[in-house]
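Take a look at the structure set out below.
All of the numbers you see were taken from the coordinates with simple rules; none came from a lab. These numbers were taken from a predicted model, which means no experiment stands behind them. Positions of Cβ are generated from backbone atoms using ideal geometry, with glycine treated the same way; all protein chains shown enter the neighbour counts.
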Amino acid sequence: MQGSGLAPNIGCDSPEVYSARPTRGDSLAAAEAIRLGLGDEFQMTGCPAIVGGGKRFFPEGVRLELELMEERRFDSGVIALRYAVRRN
């Protein structure tokens, strides 16, 4: 989709995937912003691999209703998803 901002055609081991991961400080700030309801949109990239451990994607105790706005699938098996927060 033109101008969507979703990732280009990348693989799980691409530097773009790793460089997009937040640092600890970034993830704490993001979690607080999510708790405060400041997020309008979320973009997620999924790889066809399982790695145990790590932090939760969203902070505990938060529930958001999301609407899928865009989905891209790549030959590598990577998927890019863009969701908007449903506001009532």
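Brief remarks on what is shown
- Fewest-first ordering of ARG63, ARG82, ARG72 by other beta carbons within 10 Å of each residue's beta carbon gives ARG63, ARG72, ARG82.
- For MET69, the residues 5 or more places off, or on other chains, whose built amide H falls under 5 Å of its own are ARG82, TYR83, ALA84.
- Sequence-ordered 3J(HN,Hα) estimates for segment 69-81 from the Karplus curve with 6.51, -1.76 and 1.60 and θ = phi - 60° stand at 9, 7, 9, 10, 10, 10, 4, 6, x, 5, 10, 10, 10 Hz, glycine and proline given as x.
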